[in-house]
Amino acid sequence: MTTPAMTATVTAIGADENTAGTPDDGARLRAAADFVRHHDTATLLPLLLPGLAGPQLHALTRHLSFAHAAVLVFPPDPATLRAELAACGLAADTPPLPSSVVRDRLAARHRRDAAGLDVSILRPGVRAADGTRRAVEVFALTVPPGSDLRPLAEHERAHQHEAHLAFEVLRPEPLLLRGLCALLADRGAAPDGGGYNPHENGTVLYFTAPAASLAGYRRVELYAPGDHRDVLARHLADGPAARPAEQSGTRPSTDQPAETLLRLLTGAWATQALAACARLRLPDAVPPGEPIDRAALARRTGTDPRALATLLRYLAMLGVVTAEGERVRLTEVGALLREDAPASMRPLALMYGGPFYRSFGALDHTVRTGETAFDHLFGENHFDHFARDPELADLFDRSMAASTRMFDPVPAHPALAAAAARPDGGTVVDVAGGNGELLARVLTAHPGLRGVLLERPHAVDAARRTMAEAGCADRCSYRVGDFADVPAGGDVYLLSRVLHDWDDDRCRAILRHCERAMPAHADLLIVERLLPADGSASLATAWDVHMMCNVGGRERRADHYADLLAAAGLDLLAHTPLPLDAALLHARRPERR
């Protein structure tokens, strides 16, 4: 992560893929399993359908149950798939079933004979954090080395058309199914195909998630046990294939455009409500897992009881608390705003509701002039501004750490495993590594690795504490400096959330610094959000505006990063998905391919 004093130059990225995508498959499987473990129906629906609240939310939670996250993988053979599932802690304890729905979608998308696409379904179980039994739905199409299916696999791996979140319809009947479809459409979800699978007697209705969705998945499935092909026919008639091209985009499918616009315009209120919740330390005053009387909460937080009740009603609509008469309880979303929560997102709420909120008020200035709004308002770039204020600098570092759940799959990357297997032990260099959260995870996962962290002085102090808490202090050394000081001799170089802070010229310079420091055998891993090539909904699109407005940087597509890497003498080999709509890119020197 780039930090206030690091204003020189920069680089990073990578993942090998000699088979039909097994490193990518493993990362996707792990990310899906982690997502399923940490979400439930009540907290997921408002993320998936922003603005969903009140009677509509209650109706959906009464009739739907979050069932699984789905991923399409392309193992070279069944044994590889079993090994990948086992490595992710996913036990496929039932035989695979044929998937006629996904098979037919692939055939139509790639103009192939469906008979030549042997797609199977596995549903290994996952125990969620609340104890509920859910699943990861794994669609598998075997693609042996040299198969003519490899272009299909590469396209699907890049675009993730079949990745989705699924909700099972409880006690389905035609009238209820039509009502649920209408409710989803009213919230901006657009019909996107479906089918009936006779192998398991189940009907699938697919939707495209609203453009404003925060769930990180672009598609939604309603699964209704039984044969409901009459409802399916109506659903397919409303889908993109049945609408004129100009009507088949991602715009909200609603007969109330004014209401839709009004809900979008109140987004700023939600930001400030969450920031106020964090500033007032409301979540810290609520006993974990227990309700509290609103009057008692007002006394604990020194707030006006009537004003607090109004804020709590709004926070309940946002899914931060639940109301139980005069008592309120934190949801899993609200608990993330506690200061003592693992990977607390309280600093992020304070940052987005504070300095960055002010600069977004001048977004029109940025669009009109190209000047960064933050610089225009504060008279200096945000790196210098935060470095001048120790409290702000600390808040910025903690806000960056609030999204570290995206790092969960990173230590399992093959480049790190290969470095750990070196006879003399490998070295990982974390460039602009912030408080050391990512490097600590890598070193914890691989006891044979050593680490070097490059950062500015106060961040190095924070990283020392992180390493000590992780039990890795004796295997990590530190370099105080900027990008021109990238240490040489590492086996793997990490560049996490750095390049999006800078324009293309600075990114090329940063990457050249890394390339010069890297031995011939070294790998480069980059963590960034990728803009989707097909223009579909993504958190990266929102962050692209944020970077433009606040730091003068940008998010990029994978091919854009490939060009930047090529200018520094590096090849982009692969990119794999991470939680929170992030991606892990892998780069090497061309001669290693």
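The values are calculated or read from the model by the stated rules, or taken from the named source; none is laboratory data. For clarity, every value in this text was computed on a predicted model and none was experimentally measured. Positions of Cβ are generated from backbone atoms using ideal geometry, with glycine treated the same way; all protein chains shown enter the neighbour counts. These accessible areas exclude ligands, DNA and RNA; they are computed on the full protein's heavy atoms, side chains included. Shrake-Rupley method; radii C 1.70, N 1.55, O 1.52, S 1.80 Å.
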Single residue of 471, 552, 448 found to be of a type outside the set (Val, Ile, Thr), closer than 27 Å to residue 362 by Cβ and open to solvent by 20 Å² or more (accessible area, probe 1.4 Å) | 552
The number of residues in region 147-181 that are closer than 30 Å to residue 574 by Cβ and touching a residue at least 12 places away in the same chain (Cβ under 8 Å) is 18
Residue 386 vs (1) touching a helix residue (DSSP H, G or I) at 6+ places or on another chain (Cβ under 6 Å); (2) assigned to a helix (DSSP H, G or I); (3) under 24 Å from residue 89 (Cβ atoms): all pass except (3)
Considering each of 458, 500 in turn, give the residue that is assigned to a helix (DSSP H, G or I), modelled with pLDDT of 95 or more and of a type outside the set (D, E, K, R).
-> 500
Go through (1) closer than 23 Å to residue 54 by Cβ; (2) at pLDDT below 90; (3) surrounded by fewer than 19 Cβ atoms within 10 Å (Cβ to Cβ) and name the single condition residue 341 misses.
-> (1)
Would you mind finding the one in 546, 560, 586 that is modelled with pLDDT of 95 or more and within 30 Å of residue 378 (Cβ to Cβ)?
-> 560
Any idea which of 134, 105 is touching a strand residue (DSSP E or B) at 6+ places or on another chain (Cβ under 8 Å), open to solvent by less than 50 Å² (accessible area, probe 1.4 Å), in a helix (DSSP H, G or I) and of a type outside the set (Gly, Ala, Ser)?
-> 105
Filter region 309-330 for residues that are open to solvent by less than 50 Å² (accessible area, probe 1.4 Å) and under 20 Å from the mean Cα position of the chain (by Cα); the one that is farthest from residue 42 (Cα to Cα) is 320
Residue among 424, 397 that alone is among the charged types (D, E, K, R) and open to solvent by less than 20 Å² (accessible area, probe 1.4 Å) | 397
Determine whether region 493-511 contains at least one residue that is free of Cβ contacts under 8 Å to residues at least 40 places away in the same chain, among the hydrophobic types (A, V, I, L, M, F, W, C), open to solvent by less than 10 Å² (accessible area, probe 1.4 Å) and within 28 Å of residue 569 (Cα to Cα).
-> no
Checking residue 221 against (1) modelled with pLDDT of 80 or more; (2) of a type in the set (D, E, K, R); (3) open to solvent by less than 50 Å² (accessible area, probe 1.4 Å); (4) not in a strand (DSSP E or B), the condition it does not meet = (4)
If you take the residues of region 350-383 that are assigned to a loop (DSSP other than H, G, I, E, B) and open to solvent by less than 60 Å² (accessible area, probe 1.4 Å), which of them is nearest to residue 434 (Cα to Cα)?
-> 381
Can you name the number of the only condition in (1) at pLDDT 95 or above; (2) in contact with a strand residue (DSSP E or B) (Cβ under 7 Å, 6 or more places away or on another chain); (3) within 27 Å of residue 557 (Cα to Cα) that residue 487 fails?
-> (3)
